[in-house]
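Every number in this text was worked out from the coordinates using simple rules, so none of it is lab data. The model shown is predicted, which means the values in this text are computed figures rather than measured ones. When we count neighbours, we look across all protein chains shown, and the Cβ atoms used for this are built from the backbone with ideal geometry, even at glycine.
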Amino acid sequence: MRPTGAAAAAFVPLAVAVSNRAVPLPAHWRARRFAVRSVASPPASKPAASPSKTGKWQWTFEDKPINIYYEEHEHETAENVKNILMIPTISDVSTVEEWRVVAKDIVARKGELGYRATIVDWPGLGYSDRPSLNYNADVMENFLVQLINSPNSPVANTDGELVVVGGGHAATIAVRAAGKGLIRPSGVAAVAPTWAGPLPIVFGRGSDMETRYGLLRGTLRAPAIGWMMYNVLVSNEKSIQSQYKSHVYANPENVTPDIVESRYELTKRKGARFVPAAFLTGLLDPVQSREEFLQLFAKLDGDLPVLVVSTLNAPKRSKAEMEALRGAKGVTKFVEVPGALLPQEEYPSSVAEELYNFLTGSFSPTR
């Protein structure tokens, strides 16, 4: 099964070095290579728009202050304003840039209701701090909950009128938090939602495999050998380009050298390997099965409007998970747009149009 998330290109070597010894991989690992997805930035023909404001918000986790990068996009003349929180797809090259063109498109539109979009980088990703935390889905959920509920956060004082828009795993984590009642958005838009990390979806979750995932994760987190392994598995321009062209974008011509270089630079930031180590090995998966995936959305049925944006050219297995949400309980509207795993970057106009229609249809003052 091909991976259903967004992560950097990787090829597992014949053995994983841990604590100065080689841990053999199973025979079927040695016999095959597997591709792990990586997100990409907007094509050169669609340059990312500059934000109206940028800043850092301090998230405290386990008594550690962590600076979180965010930016705001708004139209100064708008009166009745609806607030939107946009959260990037989780991967090693995750960044706020993924949503910039979409944000600018929506806030520039004139109508009965204006919009303010705040885009926030996840901890350990983008331009946020990248501390050595034990990242998992609960840690990421905790971050999102604190971000939305803290009185000093970039999206504070929205009076319960915040619409959360996310891609990939980020969308599913947001839906999970809403279903638990930890956040209370007025609406959710899930763009190309995913739930399974690359290795578990390819090789399963048996106890023997979980042990090997743990060894790989430990190696990636190690001080010296971790960077060496990360450079082989993730931080590699040729591999990133290959994966972008194969299934992250629908049109390989949209993957330019500038895109690959800018995403590659993100993999060189201090602490860049910690979140990928967790994502690659399934620790950031918010659920363990399609049934649980569907149940997350079902919990929101009747409580708030939920949009699911699928893509026409998603990889087969990723597409199957998205298609499972068509007509599913809790899904108010299901649409398809061009693209594969990152339609908000590759086809921002199409995504912005669907989001705008959803917003106006759900929250128009005259509705």
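Volume per residue of the convex hull around the Cα atoms, evaluated for segment 271-367, comes out as 140 Å³.
Ordering P123, L144, V96 by the projection of their Cα atoms onto the charge dipole of segment 86-155, which places +1 on the Cβ of Lys and Arg and -1 on the Cβ of Asp and Glu, puts V96 at the extreme positive end.
The phi-based Karplus calculation (6.51 cos²θ - 1.76 cosθ + 1.60; θ = phi - 60°) puts the 3J(HN,Hα) values of segment 64-75 at 10, x, 10, 7, 10, 7, 8, 9, 10, 10, 7, 9 Hz, whole numbers, x for Gly and Pro. What Kirkwood radius, in Å to one decimal, follows from the Cα pairs of segment 53-148? After inverting the mean inverse Cα-Cα distance, the result is 14.2 Å. By other beta-carbon atoms within 10 Å, ranking W122, W227, W59 with the fewest at the front produces W227, W59, W122.
Taking 7 Å steps out from each Cα toward its Cβ at R317 and E265 produces label points 3.4 nm apart. For K180, the aspartates and glutamates whose Cα falls under 19 Å of its own Cα, not counting residues fewer than eight places away in the same chain, are D138, E141, E161, D285, E291, E292, D301, D303. A P(r) calculated from all alpha carbon pairs of segment 92-208, with 10 Å bins opening at zero, reads 11, 40, 35, 10, 3, 0 percent. Counting 0.36 nm for each residue step from Q58 to R290 and taking away their Cα separation leaves a gain of 80.1 nm. Taking amide H atoms as placed 1.01 Å from N in the peptide plane, the amide H of S186 lies under 5 Å from those of L162, V163, V164, each 5 or more residues away in sequence or on another chain.
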